[in-house]
1. Any idea how many residues of segment 336-362 are at pLDDT 90 or above and not in a helix (DSSP H, G or I)?
2. Please go through (1) under 30 Å from Asp201 (Cβ atoms); (2) hydrophobic (A, V, I, L, M, F, W, C); (3) out of contact with any Pro (no Cβ under 8 Å at 6 or more places or on another chain); (4) open to solvent by less than 20 Å² (accessible area, probe 1.4 Å) for Met111 and return the number of the only condition it doesn't satisfy.
3. What pairs can you find where one residue is in segment 217-245 and open to solvent by 40 Å² or more (accessible area, probe 1.4 Å), the other is part of a helix (DSSP H, G or I), and their Cβ atoms are less than 6 Å apart, with a gap of 6+ or different chains?
4. Looking only at segment 382-421, filter to residues that are open to solvent by 30 Å² or more (accessible area, probe 1.4 Å) and of a type in the set (Val, Ile, Thr); which one of those is nearest to the chain's Cα centre (by Cα)?
5. So which pairs qualify, if the first residue must be in segment 124-143 and in contact (Cβ under 8 Å) with a residue 60 or more places away in the chain, the second must be surrounded by 21 or more Cβ atoms within 10 Å (Cβ to Cβ) and of a type in the set (S, T, N, Q), the Cβ gap must be under 6 Å, and the two must be at least 6 apart or on different chains?
6. Mind listing whichever residues of segment 286-299 are within 16 Å of Gly137 (Cα to Cα) and open to solvent by less than 30 Å² (accessible area, probe 1.4 Å)?
7. Are any of the residues in segment 334-345 more than 28 Å from Pro16 (Cα to Cα), crowded, with 16+ Cβ neighbours inside 10 Å and charged (D, E, K, R)?
8. Let me confirm something: among Arg174, Arg123, which residue is in contact with a strand residue (DSSP E or B) (Cβ under 8 Å, 6 or more places away or on another chain), under 23 Å from Cys88 (Cβ atoms), modelled with pLDDT under 95 and not polar (S, T, N, Q)?
Amino acid sequence: MAKTIQAIRGMNDILPGQSPAWQYVEGVIRKVAAQYSYQEIRMPVLESTELFKRSIGEVTDIVEKEMYTFDDRNGDSLTLRPEGTASCVRAGNEHGLLYNQTPRLWYMGPMFRHERPQKGRYRQFHQFGIEAFGMDGPDIDAEVILLSARLWQEFGIADQLELQINSLASNEARARYREALRDYLREHEEALDEDSKRRLDSNVLRILDSKSPETQALLVDAPRLSDYWDDESRAHFEGLTARLEAAGVKCVFNEKLVRGLDYYNRTVFEWVTTELGAQGTVCAGGRYDGLVEQLGGKATPAVGFAMGIERLVLLLESQDRIPASTVVDLYLLAGDERAELKLPAVAEQARDQHTDLKVMLHSGTQNLKKKLIKADKSGATYALIVDCDVNGQLEYQFKHLRKRDADKNFTDLAELAGLIG
């Protein structure tokens, strides 16, 4: 017997029993995005490798270790997208969506990173992303964060998430801080963990979110980024937090929040939870005013976020916030051989009578008792037994499989809509 082929490690099937949770999450996302007048954009999963090297940064973990990159038959280097922002900016530049316009866009789909799989972190994962272009004030930053906050309200998990926020200031202010932080850490280099030592020259700001307790102890007395903010960045941050406060959204100032991608400036934020263990970040984003120009477009301010669908589904399930979903509402079966031939036509009429009805048609020749057992196992709320009278006219017996209500016999299928409500 041939060896069974299994899915690639870290790339998971979403099975029929799991799909209703995903459909529910995706439906709420689409609803809220529409409430804020954001439009959907769909980008390919394969992009030029150069796109991510130029946007994310060549010395980031994503580019150095995690991207799925290969040469195609033409010798071009291609990469399965590890995140959505760079692809969205590429599409905006390519199709003229960003020039003298202020588009508000959203996307949803799979991303790919070669990480060690664990709960809430997979090699193929799914993200919902928001990107807003052409607006440089704190008002659009606030809108993006408020959109994410409304999602938590819709899902009923607002009390399970904390908003952490910081400002990376301007490029010039951040450069001054980077040098001050590097000088401080060099004085204590021997006490740094190996990963932080490697980042001293390549990406010193990432040391701020090191997981090493010894490194975090050193950072207690390190220079603070907020001491290097320029006046404009400080005013922007204060304008954002004032708007969030006015809207009733609480936030925690986290000066060590820097994000893992090179293109961020000014506002950065994360929504975190303690309900998912180590993978506590459910949604993260910020401002990236230089990225459009960096990828060949005209200088354009921009802000956005990405949200992990898998982690959100896990969080909703842990809080029992996934609504119950039935696969079958009405199970149709024939009571005699004459009705068997007409059963598909009856099923179509039933769907016409009630357009939202989930109808399952019995398949196979079994006795009535076994058919009803299958109807019950399907999880259907109702069963409809179709018979023919002596004149060949159809008769219907309507049975409640999940209620104690009385069953009903009738001859006009139009009654069905009233029976199921």
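The values are calculated or read from the model by the stated rules, or taken from the named source; none is laboratory data. Being a predicted model, the structure only gives us computed values, none of them experimental. Here the Cβ positions follow ideal geometry from the backbone for every residue, glycine too, while neighbour counts run over all protein chains shown. Keep in mind that these areas ignore ligands, DNA and RNA; they rest on the heavy atoms of the full protein, side chains included. Shrake-Rupley method; radii C 1.70, N 1.55, O 1.52, S 1.80 Å.
1. Total satisfying the criteria: 5.
2. Condition (3) is where Met111 drops out.
3. The qualifying pairs are Tyr228/Ala173; Tyr228/Arg176; Tyr228/Tyr177; Arg243/Ala142.
4. Restricting to residues being open to solvent by 30 Å² or more (accessible area, probe 1.4 Å) and of a type in the set (Val, Ile, Thr), the top hit is Thr411.
5. Phe133/Thr300; Gly134/Thr300; Asp141/Thr267
6. Matches in segment 286-299: Gly286, Arg287, Tyr288.
7. No: zero hits.
8. Arg123
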